[in-house]
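Asks: Supplied in structure tokens, the structure appears directly below.
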Amino acid sequence: MMTLRLGLFALPLLLAITAAAAIAAAPGLHPEHMDRSVSPCDDFYEYANGTWLKTTQIPSEYPAWGAGHEVYERNIAITRTILEDAAQDTKAPADSLRRKVGDFYAAAMNEAAAEQAGSQPLAALTKAIDDVRSPAQLAAELGRLHLVDVSAAFSAGVVVDDKASDKYLFQVEQGGLGLPDRDYYTKQDDDSKKLRAQYQAHVAHMLTLMGEGQAAAAQHAATILAFETRLAQASMTLVERRNPERVYHKLTRSQLIADAPGFDWAAYLDAAQVPASERDLLVRQPGFCKELGAMTRDVSLADWRTYLRWHLIHATAAKLSSPFVNENFAFYGKTLRGTPELAPRWKRVSAAVDAAMGEAVGQLYVQQAFSPRAKERALELVQNLRLALGDRIRKLDWMTDATKEQALKKLDNFIVKVGYPDRWRDYGRLLVTRDSYIANFLAANRFESERRLAKLGKPVDRAEWQMNPHEVNAYYDPTTNEICFPAGILQPPFFDAEADDAVNYGGIGAIIGHEMTHGFDDQGSQYDARGNLRNWWTDEDRRAYEARQTIVVEQYDAYKALPDLTLNGKLTLGENIADFGGLKVAFAAYQRSLQDRPQPAPIDGFTAEQRFFLSYAQVWRTLMRPEMLRMLVSTDPHSPPRFRVLGPLSNLPEMQQAFACAVGTPMVRPAEKRPTIW
């Protein structure tokens, strides 16, 4: 489901990766990670992290490893203890959070039951697909599948209305692909063709596990690839989807039916439990919906059933018996991400419980791992960065007073969320048993769909969180104008209540600044103080801003992640603006905090300013397998970690002054090529 929520990390990276053993938190900087044979003015990333990069190995279970993963590993060690203790506590009240997460974990850890069941838990859903005999039944079956998060054909769900941010809408958008993005189907280079062949073989193998003969499975896999290729060809690119105006089309039900004939939208909406009172729909890609209607008319129902069976398997494979789990990992883990080994079952199950009942686990987590003192200091940092960003906006020489007034109003109206929600999610209606992992998984998916559907017709809940409290991430949401920093990321090395201010401002401070700057990046800047997609800029200021964005695009277009792999500056534009702006604002906030205070003495031979920039660089230390790197460069709006350090710092005079970098060195970009925005 599409969202303009702008996070710090790529979710596939953090949710799919953990470490083999718990890692103890260490305060402050890590001088032992540095490579002092490298000049900070030549390559600051290598200078700050070079020894770590040379001596660290990616655990065999994972496609990447870095500071964020170390934090995630410490967090998952805590949640594992919580889940295992809860699973053993069979005397807890049946409706308590402890009992529900314990029962979910216990059912999922029952590997013997999963092996015995095989694909049998999908029998009822498979039969419902096989019973589809008309376009109306097809549309209704898609509605029922979407309720349990089998996102075949397209994606749909409840979102905030971009242009009326006090209301919810049911949205429809492109989707239905088994590969990561449309370009995986449309590119014609040899590597892309090879990957499609591997994908087709994977689909065929999965179908044989469901009982099909090899010849039939091979034929059906070819049908599925052709089907998805047609969906991909009707889809917008990731760069095209970055423009909020291009993906905002509010249509009535009758307008959608008229514009995208063939698909029975009425039958779909009824089965998807969208109330008839919801007259308006948010259609992100009308052209895609039109093609969906055409495919309903000219693709046989037999081929549709084949396609739906595949997406049912695809959505549930990781929760079935080991042949399904292993084949799913062989393609999505090994082939796509380069991961040699499957993670232990407890780690995969812990992630599944998080996905199903994240706030329930988070509520138990924060009781152990997040102190009131940590929340108090984090809020202090947020306030200091808000003041610093306000100062910078007032001093901009390229923005007129009229636009500055609106920008400051937006900044003042940021909703700030730190640590954990003030009001926890109610899981009372979610039924969990110890009988079946897949049954609990599907029940949790339906619970979440119905919870969101219940929002329709009600005012937007601006207190709701969109991340789990123990998640190692942060976000900005333009439709609610909120910034959120979960307890999970408020941990070393990002944040340490015992570390010196320079380290915290360079770590979590830059992250806070990053999310604040998202409110004013190429996408966020199109939303006003209340979260409405509305132009609040003068034409002159918008042109000036777009000229500065062009410089950012050109800078990142020139970077190569691998010798044959160039970054896409347009895809990563918003995150690059947020990295650069967040770093500048964090440094300004740190300098602001030193007013009327003595200059801090050097620590470990580094001045406070140097420690700030070293802290920033060290939180981005990351090793990544080539396969994972290629996938992220193609699909992720974030630049690879190396360039999240080199890109912003090479534009920053404050860093160059701190390390006495001369004009002409690699970390000093020519003045005319430095984007000056926030």
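Asks: Would you be able to say whether some residue in the stretch 459-482 is polar (S, T, N, Q) and more than 20 Å from the chain's Cα centre (by Cα)?
Replies: Initially, the stretch 459-482 is screened for residues polar (S, T, N, Q), giving 466, 468, 473, 479-481.
Those still in the list that are more than 20 Å from the chain's Cα centre (by Cα) too: none.
Within the stretch 459-482 (the criterion being polar (S, T, N, Q) and more than 20 Å from the chain's Cα centre (by Cα)), the answer is no, since none of the residues qualifies.
Asks: Would the stretch 211-231 turn up any residue that is crowded, with 18+ Cβ neighbours inside 10 Å and touching a strand residue (DSSP E or B) at 6+ places or on another chain (Cβ under 9 Å)?
Replies: yes
Asks: Just to check your reading of the model, which residue among A140, A128 is among the hydrophobic types (A, V, I, L, M, F, W, C), without any contact (Cβ under 8 Å) to a residue 24 or more places away in the chain and closer than 30 Å to I257 by Cα? Talk me through it step by step, then tell me what you get.
Replies: Values: A140 fails: without any contact (Cβ under 8 Å) to a residue 24 or more places away in the chain.
Result of the check over A140, A128: A128.
Asks: Looking only at the stretch 495-504, decide whether some residue is at pLDDT below 95 and of a type in the set (F, W, Y).
Replies: yes
Asks: Scanning for something closer than 19 Å to A444 by Cβ, among the acidic types (D, E), at pLDDT 95 or above and surrounded by 17 or more Cβ atoms within 10 Å (Cβ to Cβ), does the stretch 149-161 turn up at least one residue?
Replies: yes
Asks: Which pairs have Cβ atoms under 6 Å, sit 6 or more apart or on different chains, and link a residue in the stretch 29-44 that is under 20 Å from G647 (Cβ atoms) and touching a residue at least 24 places away in the same chain (Cβ under 8 Å) to one that is of a type in the set (K, R) and surrounded by fewer than 20 Cβ atoms within 10 Å (Cβ to Cβ)?
Replies: Going by the 6 Å Cβ cut-off, there are no qualifying pairs.
Asks: Return a yes/no flag: does the stretch 27-44 have any residue that is farther than 30 Å from G664 by Cα and modelled with pLDDT under 65.
Replies: Step one: filter the stretch 27-44 for residues farther than 30 Å from G664 by Cα, giving 27-28.
Pick out the ones that are also modelled with pLDDT under 65 and you get 27.
Yes, the stretch 27-44 contains at least one residue that is farther than 30 Å from G664 by Cα and modelled with pLDDT under 65.
Asks: Hey, does the stretch 570-583 have a residue that's touching a His at 6+ places or on another chain (Cβ under 7 Å) and among the charged types (D, E, K, R)?
Replies: Yes: the stretch 570-583 contains one or more residues that are touching a His at 6+ places or on another chain (Cβ under 7 Å) and among the charged types (D, E, K, R).
Asks: Residues in the stretch 339-355 that are of a type in the set (V, I, T) and farther than 15 Å from E471 by Cβ: how many?
Replies: Initial filter on the stretch 339-355 (of a type in the set (V, I, T)): 339, 349, 353.
Filter once more, so that each one left must be farther than 15 Å from E471 by Cβ: 339, 349.
Looking only at that region, the number is 2.
Asks: Right, another one. Looking at V619, is it touching a strand residue (DSSP E or B) at 6+ places or on another chain (Cβ under 6 Å) and either within 25 Å of N568 (Cα to Cα) or β-branched (V, I, T) (or both)? Talk me through it step by step, then tell me what you get.
Replies: Working: touching a strand residue (DSSP E or B) at 6+ places or on another chain (Cβ under 6 Å): no; either within 25 Å of N568 (Cα to Cα) or β-branched (V, I, T) (or both): yes.
So V619 fails the test.
Asks: I'd like to verify a number: residues in the stretch 384-409 that are closer than 15 Å to I511 by Cβ and either touching a strand residue (DSSP E or B) at 6+ places or on another chain (Cβ under 6 Å) or among the polar types (S, T, N, Q) (or both), how many?
Replies: To start, the set of residues in the stretch 384-409 that are closer than 15 Å to I511 by Cβ comprises 384-386, 388-389.
Those left that are additionally either touching a strand residue (DSSP E or B) at 6+ places or on another chain (Cβ under 6 Å) or among the polar types (S, T, N, Q) (or both): 384.
Number of matching residues: 1.
Asks: Still on this model: Name the single residue, out of those in the stretch 62-86 being outside any helix (DSSP H, G or I) and under 16 Å from P344 (Cα atoms), that is modelled with the lowest pLDDT. Show your work before the answer.
Replies: To start, the set of residues in the stretch 62-86 that are outside any helix (DSSP H, G or I) comprises 62-66.
Then keep just the ones that are under 16 Å from P344 (Cα atoms); that gives 62-63.
Working: Y62: 92, P63: 97.
The qualifying residue modelled with the lowest pLDDT is Y62.
Asks: Here's another thing I want to ask about it. List the helices (runs of 4 or more DSSP H) inside the stretch 437-530, counting only whole elements, that have at least 3 residues being assigned by TED's automatic domain parsing to the domain that holds V645 and surrounded by 22 or more Cβ atoms within 10 Å (Cβ to Cβ).
Replies: Details: elements: 437-453, 501-504, 510-518.
Answer list for the stretch 437-530: 501-504, 510-518.
Asks: Can you tell which of L594, L629 is over 25 Å from E546 (Cβ atoms) and in contact with a strand residue (DSSP E or B) (Cβ under 8 Å, 6 or more places away or on another chain)? It would help to see each step written out before you state the result.
Replies: On the way: L594 fails: in contact with a strand residue (DSSP E or B) (Cβ under 8 Å, 6 or more places away or on another chain).
Just a single option satisfies the conditions, and that option is L629.
Asks: Here is a follow-up. Any residue that is touching a strand residue (DSSP E or B) at 6+ places or on another chain (Cβ under 6 Å), crowded, with 17+ Cβ neighbours inside 10 Å and aromatic (F, W, Y) - is there at least one of those in the stretch 38-58?
Replies: No, every residue in the stretch 38-58 fails to be touching a strand residue (DSSP E or B) at 6+ places or on another chain (Cβ under 6 Å), crowded, with 17+ Cβ neighbours inside 10 Å and aromatic (F, W, Y).
Asks: Additional query: Could you tell me whether G569 is buried (at least 19 other Cβ atoms within 10 Å of the Cβ) and closer than 30 Å to N504 by Cβ? Before the answer, list the steps.
Replies: On the way: buried (at least 19 other Cβ atoms within 10 Å of the Cβ): yes; closer than 30 Å to N504 by Cβ: no.
Spelling it out, it is not the case that G569 is buried (at least 19 other Cβ atoms within 10 Å of the Cβ) and closer than 30 Å to N504 by Cβ.
Asks: Restricting attention to the stretch 87-104, does a residue exist that is surrounded by fewer than 16 Cβ atoms within 10 Å (Cβ to Cβ), part of a helix (DSSP H, G or I) and not aromatic (F, W, Y)?
Replies: Looking for residues that are surrounded by fewer than 16 Cβ atoms within 10 Å (Cβ to Cβ), part of a helix (DSSP H, G or I) and not aromatic (F, W, Y), one finds at least one in the stretch 87-104, hence yes.
Asks: Picking from V159, V150, which residue would you name as being β-branched (V, I, T), part of a strand (DSSP E or B) and within 26 Å of the chain's Cα centre (by Cα)? Steps first, please.
Replies: On the way: V150 fails: part of a strand (DSSP E or B).
So the residue among V159, V150 that is β-branched (V, I, T), part of a strand (DSSP E or B) and within 26 Å of the chain's Cα centre (by Cα) is V159.
Asks: Do you know which residues across the stretch 508-529 are touching a Ser or Thr at 6+ places or on another chain (Cβ under 9 Å) and more than 30 Å from L29 (Cα to Cα)?
Replies: Those that are touching a Ser or Thr at 6+ places or on another chain (Cβ under 9 Å) and more than 30 Å from L29 (Cα to Cα): G524, Y527, D528.
For (1) free of Cβ contacts under 8 Å to residues at least 12 places away in the same chain; (2) in a strand (DSSP E or B); (3) at negative phi, each residue gets a yes or a no:
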position	(1), (2), (3)
A164	no, no, yes
V172	no, yes, yes
L177	no, no, yes
P180	no, no, yes
S192	yes, no, yes
H202	no, no, yes
L207	no, no, yes
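Asks: Being touching an Asp or Glu at 6+ places or on another chain (Cβ under 9 Å), over 23 Å from G507 (Cα atoms) and not acidic (D, E) is the filter here; which residues of the stretch 42-91 pass it?
Replies: P59, S60, Y62, P63, T79, A86, A87, T90
Asks: While we're looking at this one, here's another question. Restricting attention to the stretch 170-199, which residues are among the hydrophobic types (A, V, I, L, M, F, W, C) and farther than 18 Å from D149 by Cα?
Replies: Step one: list which residues in the stretch 170-199 are among the hydrophobic types (A, V, I, L, M, F, W, C), which gives 170, 172, 177, 179, 195, 197.
Scanning the stretch 170-199 gives L195, A197.
The values are calculated or read from the model by the stated rules, or taken from the named source; none is laboratory data. On a predicted model such as this, the values are computed, not experimentally measured, just so you know. We place every Cβ from the backbone using ideal geometry, glycine too, and count neighbours over all the protein chains shown.
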